[in-house]
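Below: the structure, in structure tokens.
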Amino acid sequence: MYPNKTQEILLNKTFGACRFLWNNYVATFNTYDKETNPSPIFKTVKQFREETGWMREVSSKAVESKENDFKEFKNRYFDSNQKIKLNRPKFKKKGSKESFTLCGNSRFKLYTNRIRLEKIGKVKIVQHQPLPENCILRSVTVSKDILGHYYASILVETEVKHFEKTGKTVGIDVGLKEFATLSDGNTIHNPRYFRDSQAELKRAQQHLSRKKKGSTRYKKQKLKVAKIHKKISRQRELFLHTTSLNIVKNYDVISIETLNVIGMLKNKKLSKSISDASWSKFFSYLKYKSEWYGKDLIQVDRFAPTSKTCSNCGSINKDLTLKVREWTCTECNTKHDRDLNASLNIKALGTSSAQRTQRECKTLATKQASLKCIEYNLIKNYKNS
């Protein structure tokens, strides 16, 4: 988005109103105590607009969306089924990444090179990609990053066409030497974007440390550091999107391992490389793209010894350490590449899991059909009697 000065002021006012509401809710939430204050009272958007006249200058729906976000956070915070316990909410400060959401066609409208936002007007845009045909516009999320760039992310409802079936099955073993090794022998190079930009980032952060906090030079240098981080993030996201899409296009059944990435990050020697590889985001991309395009994604058991098991005879090499990249099976004398062997075992486990699931589905369908037949006969006998 490329707003003019007037639109930029209105956008910043909307961000400020959302930030004000969020920080007020966080302060109220922090007064929560199970014994003394079990149910703190949160003000509504209507009450805020009556108390502060300046909040009426911005769209009420934008502030309400931030209120809904906080309600969702509260539900997740007190949810006993949550796998990872959420920390208390944090205050938002001015200058960090900010956003608001507008729902419904009446609140925004999209043109060829403009987008009309409620109480802001028509803002100039450059579309990253064309919208799908016959799609329904649901909402738009307007955001501003630390560099001062504005973005509009449009959520649409459309029918996603499935990719053609290829009849291929693959197992994927992720690593640090190579980003991924496929069971058919193909490997995906690990680009290491953070490592490549580390020297440049180090110099920029050293210059930043010598500046006085709050000064003009400090702010300028802080933007330079942020630009380097933004470049690394965009490079990594493009790589992950491209790689995951190619895998989903070329294979029908994709088997991956279930990794405890949070636990692996506690290893101080490997944490930087693991974060740079971003396995969790890669797996999440594979998951939703498989669902979109009609492919099957199978996650094998986390504790399965895929690297130590011989893919030829099934014997387990208990003495295999992490630094050993190639090993020979003592039972069948087969020489293995560590990553390729793991990917073959992941594929085998995924295939057996898929076959077992199909058998269970067929058994369930047979049982349901027999129950319907019994029910039909009971009803028929009851009518005859």
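The values are calculated or read from the model by the stated rules, or taken from the named source; none is laboratory data. Note that the coordinates shown come from a computational prediction; the quantities given were computed from them, not determined experimentally. A quick note on method: Cβ atoms are made from the backbone with ideal geometry, for glycine too, and the neighbour counts reach across all protein chains shown.
Considering only segment 178-196, state which residues are among the hydrophobic types (A, V, I, L, M, F, W, C) and assigned to a helix (DSSP H, G or I).
Across segment 178-196, the qualifying residue is only 194.
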*Which of the residues spanning segment 38-79 are basic (Lys, Arg), over 24 Å from the mean Cα position of the chain (by Cα) and within 21 Å of residue 120 (Cβ to Cβ)?*
49, 56, 61
*Tell me, please, whether a residue that is of a type outside the set (A, V, I, L, M, F, W, C), within 19 Å of residue 140 (Cα to Cα) and touching a helix residue (DSSP H, G or I) at 6+ places or on another chain (Cβ under 7 Å) can be found in segment 14-35.*
yes
*Subset of segment 183-221 (residues that are touching a residue at least 60 places away in the same chain (Cβ under 8 Å) and over 25 Å from the mean Cα position of the chain (by Cα))*: 183, 185
*residue 152 versus (1) surrounded by 11 or more Cβ atoms within 10 Å (Cβ to Cβ); (2) at pLDDT below 90: which is the lone unmet condition?*
(2)
*Return the residue satisfying two criteria in turn: it lies in segment 240-294 and is touching a strand residue (DSSP E or B) at 6+ places or on another chain (Cβ under 8 Å) and among the aliphatic types (A, V, I, L, M), and of such residues it is nearest to residue 194 (Cα to Cα).*
277
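Go through segment 318-345 and count every residue that is part of a helix (DSSP H, G or I) and either aromatic (Phe, Trp, Tyr) or in contact (Cβ under 8 Å) with a residue 60 or more places away in the chain (or both). Show your work before the answer.
Start the filter on segment 318-345 by keeping residues that are part of a helix (DSSP H, G or I), which leaves 338-345.
Filter again for either aromatic (Phe, Trp, Tyr) or in contact (Cβ under 8 Å) with a residue 60 or more places away in the chain (or both), leaving 339-340, 342-345.
Residues that pass the stated criteria total 6.
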*Condition broken by residue 167, with the remaining ones in (1) small (Gly, Ala, Ser); (2) part of a strand (DSSP E or B); (3) out of contact with any Lys or Arg (no Cβ under 7 Å at 6 or more places or on another chain) satisfied*: (2)
_I'd like to verify a number: residues in segment 28-50 that are free of Cβ contacts under 8 Å to residues at least 40 places away in the same chain and in a helix (DSSP H, G or I), how many?_
7
_So residue 307 ticks every box in (1) of a type outside the set (D, E, K, R); (2) surrounded by fewer than 11 Cβ atoms within 10 Å (Cβ to Cβ); (3) under 27 Å from residue 254 (Cβ atoms) but one. Which box is left unticked?_
(2)
*Would you be able to say whether some residue in segment 55-62 is in contact (Cβ under 8 Å) with a residue 40 or more places away in the chain, at negative phi, part of a helix (DSSP H, G or I) and surrounded by 15 or more Cβ atoms within 10 Å (Cβ to Cβ)?*
yes
*Is it the case that some residue within segment 118-130 is without any contact (Cβ under 8 Å) to a residue 12 or more places away in the chain and either surrounded by 13 or more Cβ atoms within 10 Å (Cβ to Cβ) or closer than 30 Å to residue 257 by Cβ (or both)?*
yes
*Can you spot a residue in segment 72-90 that is of a type in the set (Phe, Trp, Tyr), assigned by TED's automatic domain parsing to the domain that holds residue 125 and under 30 Å from residue 113 (Cα atoms)?*
no
*Determine, yes or no, whether residue 140 is without any contact (Cβ under 8 Å) to a residue 60 or more places away in the chain, hydrophobic (A, V, I, L, M, F, W, C) and not in a loop (DSSP other than H, G, I, E, B).*
yes
